[in-house]
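A short write-up of the structure that comes next.
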Amino acid sequence: MSDKLSISYHTAKIILLELLENNDFSTDKDILKILGSIIQKEINNETNNDKEEMSRIIIDKDGRIFLPDYSPKEVKMQYLPKTVFLFFLIHKEGIEFKSMYNYMHELYEIYQIVTLEKNMEAGKLRDSIENLVEPVNNRIYETCSIIRRSLSMVVPKALMEIYCITGKRGEKRRIGIDSSLIEIENTKLKEMFDQRHNH
């Protein structure tokens, strides 16, 4: 096999395509091995490309959301969807929707951070959170749809599932993005995040 044929790339390609079309190579181990390694390289390249395309999530000191590697603009959300998004970013281990009422105090704290209005009527705040975690209504599902819509403005379609709250009904819901890509500048939120991630 040391004497290599000197034929042009174009000719070699025509011969190879003809051979592949007209012959069954499914039993030829050498050919299958080469084809397998080529396919594996392609898969690896695609996976690496995905990693390169991932943007960090930056939560600034005012609780604003940025995905700077996709867009310099803030990812705007209303207070309640933003509270839920930040809550799930903090709880990377995942939480079932029906268990969210156990985290009322934490949700309330996050809500206060994102509203920036410390004197906002406490009763009003609590009603919004209670309505959100009430198991019999669909408020949490509507809220997740709003989050998805806001993120879709900047996140590539192929990577949406990594940035959104996902999970099957009755199971834990989570945001799949790696913790190393999350940067939190707000002191209180960072504290909450670190408590969960530094065990």
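Please note which helices (runs of 4 or more DSSP H) are completely contained in segment 2-95 and include at least 1 residues that are within 30 Å of ASP194 (Cα to Cα), in contact with a strand residue (DSSP E or B) (Cβ under 7 Å, 6 or more places away or on another chain) and at pLDDT 95 or above.
79-90
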Practice prompt. Enumerate the pairs (first residue in segment 98-113 and touching a residue at least 24 places away in the same chain (Cβ under 8 Å); second residue anywhere and assigned to a helix (DSSP H, G or I) and of a type in the set (Gly, Ala, Ser)) with beta-carbon separation below 8 Å, excluding pairs fewer than 6 apart on the same chain, so at least 6 apart or on different chains.
Written response: TYR111/SER128
Worksheet, complete the sentence: Note on segment 76-99: residues closer than 17 Å to ILE177 by Cα, surrounded by 21 or more Cβ atoms within 10 Å (Cβ to Cβ) and not aromatic (Phe, Trp, Tyr) are LYS82, VAL84, LEU86, LEU89, ILE90
Discussion item. Quick check on my filter: what residues within segment 111-142 are at pLDDT 80 or above, closer than 21 Å to ASP62 by Cα and not hydrophobic (A, V, I, L, M, F, W, C)?
Written reply: TYR111, GLN112, THR115
Response to the item:
Given the conditions (1) surrounded by fewer than 17 Cβ atoms within 10 Å (Cβ to Cβ); (2) assigned to a helix (DSSP H, G or I), every one holds for ILE140 apart from (1)
Discussion item. One residue is enough: does segment 121-129 have a residue meeting the conditions assigned to a helix (DSSP H, G or I) and either of a type in the set (S, T, N, Q) or crowded, with 20+ Cβ neighbours inside 10 Å (or both)?
Written reply: yes
Worksheet item: Which residues, counting only those in segment 162-181, are over 12 Å from MET54 (Cα atoms), surrounded by 13 or more Cβ atoms within 10 Å (Cβ to Cβ) and without any contact (Cβ under 8 Å) to a residue 60 or more places away in the chain?
Response: CYS164, THR166
Discussion item. Take the conditions of a type outside the set (A, V, I, L, M) and in contact with a Leu (Cβ under 7 Å, 6 or more places away or on another chain) and apply them to THR143. Does it pass?
Written reply: yes
Response to the item:
Scanning segment 123-161 for residues that are touching a residue at least 40 places away in the same chain (Cβ under 8 Å) and among the polar types (S, T, N, Q), the one farthest from MET100 (Cα to Cα) turns out to be SER150
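The values are calculated or read from the model by the stated rules, or taken from the named source; none is laboratory data. From a predicted model like this one, the values you see are computed outputs, not experimental measurements. Ideal geometry is used to build each Cβ from the backbone, glycine not excepted, and the neighbour counts take in all protein chains shown.
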